[in-house]
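One structure is given below, encoded as C-alpha cells.
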Amino acid sequence: MFKSTPVAERLARLEASVIEVLTGRVAELELLLGKDSRTSSKPPLSDGPVRAAAATAAAAGPAAGEMAR
C-alpha cells in the first residue's frame with residue numbers, strides 16, 4: 001500500500017487548503033453569475049449587450065406576424 005512520508009503529508013495538507021480556497025471562490029463566482037441589474041444594485045448598463053438587446057426586444061412587443069401572449 002502507500003507509505004506516508006512527511007513530505008507527502010505536507011503536500012496533502014497543502015492540496016486540501018488549495019481545494020478549500022478554490023471551492024469558496026467558485027461559490028462566490030456562482031453567486032455573481034446569477035446577478036444582473038434586476039437581482040442586484042448594479043446599473044442596467046452593467047448587464048452587457050445581450051441582456052440589453054433582450055430587454056429592448058421585450059419592450060417593443062411582438063414582432064410582425066406574431067400574436068401577443
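Observations on the structure shown:
- Test: residue in the stretch 45-64 that is at pLDDT below 75 and in contact with a Ser or Thr (Cβ under 6 Å, 6 or more places away or on another chain): yes
- Looking only at the stretch 33-44, residues that are in a helix (DSSP H, G or I) and surrounded by 10 or more Cβ atoms within 10 Å (Cβ to Cβ) come to 1 in all.
The values are calculated or read from the model by the stated rules, or taken from the named source; none is laboratory data. All figures in this text were calculated on a predicted structure; none of them were measured in a lab. Cβ atoms come from the backbone with ideal geometry, glycine included; neighbour counts cover every protein chain shown.
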